[in-house]
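Below: one structure, written as C-alpha cells.
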C-alpha cells in the first residue's frame, strides 16, 4: 500500500517529506477514512479518489500552495500531510500552514518531525520568511504541535475561517526564520 518511489525533499530520523502523487490516492483516502474520528470537527481531508485528485492537483498547480506527505522511513507509510497555503513572495515571503496526522501515527511524534522538516524546507529552498498556523482554540493537539515547533501565539480572530458550514474562531500562531535560527 505505501508508495515509496517518490523523491524525498527532506529526511529526519523517522520520517521524510515528499510531494503528493496520483499514486498516493488509495492509501491517503483510506487513511483519511480511518482517521475521521480523530479529525472531526477540525479537519476534512479528501476521503474519495475524486476529492484526492482535485486536492492534489490544486497543490501541484497553484503557485500559492505547496503540499507535503509525511512518510515513515521504515516502510513508507503516510503518517500525515502538511500544506502551505496563501504563499506570498516579494517583501512578505509568508505562508499559512495546515496539517493533519493519520490515526495510526497520532501521538508518536512523527508529525512534529515532519513539520520541522517542512519548516526547514519553507525557510530554505522555498525562500519564505514567516509561517502562520491558524488553529481553532479547542484543538489542543494542533496547538501543542505548533508550540512544540517554536510557533508563538500572536492573536485571536473571531469568525476567521468557514469550516464545516460555520465561521470558526481561530488562534493565530507564527514562526519566522529568525525565531527558528535562535531556537
Discussion item. Being surrounded by fewer than 20 Cβ atoms within 10 Å (Cβ to Cβ), out of contact with any helix residue (DSSP H, G or I) (no Cβ under 8 Å at 6 or more places or on another chain) and either closer than 21 Å to residue 142 by Cα or modelled with pLDDT under 95 (or both) is the requirement here; does residue 127 meet it?
Written reply: no
Worksheet entry | residue 175 assigned to a strand (DSSP E or B) and surrounded by 14 or more Cβ atoms within 10 Å (Cβ to Cβ) | yes
Practice prompt. Answer yes if at least one residue in the stretch 153-170 is at pLDDT below 95 and within 25 Å of residue 73 (Cβ to Cβ), and no otherwise.
Written response: no
Worksheet, complete the sentence: Picking from 50, 27, the residue that is without any contact (Cβ under 8 Å) to a residue 40 or more places away in the chain and over 26 Å from residue 174 (Cβ atoms) would be 50
Practice prompt. Out of the residues in the stretch 127-151 that are in contact with a strand residue (DSSP E or B) (Cβ under 7 Å, 6 or more places away or on another chain) and touching a residue at least 40 places away in the same chain (Cβ under 8 Å), state the one that is farthest from residue 175 (Cα to Cα).
Written response: 136
Worksheet entry | Answer from 122, 105 - the residue that is in contact with a strand residue (DSSP E or B) (Cβ under 9 Å, 6 or more places away or on another chain), at pLDDT below 95 and more than 19 Å from residue 41 (Cβ to Cβ) | 105
Discussion item. So, residue 168, is that one touching a strand residue (DSSP E or B) at 6+ places or on another chain (Cβ under 8 Å), more than 17 Å from residue 10 (Cα to Cα) and not in a helix (DSSP H, G or I) or not?
Written reply: yes
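The values are calculated or read from the model by the stated rules, or taken from the named source; none is laboratory data. Values in this document were obtained by computation on a predicted structure and should not be read as measured data. In this analysis, Cβ positions are derived from the backbone assuming ideal geometry, glycine residues included, and neighbour counts consider all displayed protein chains.
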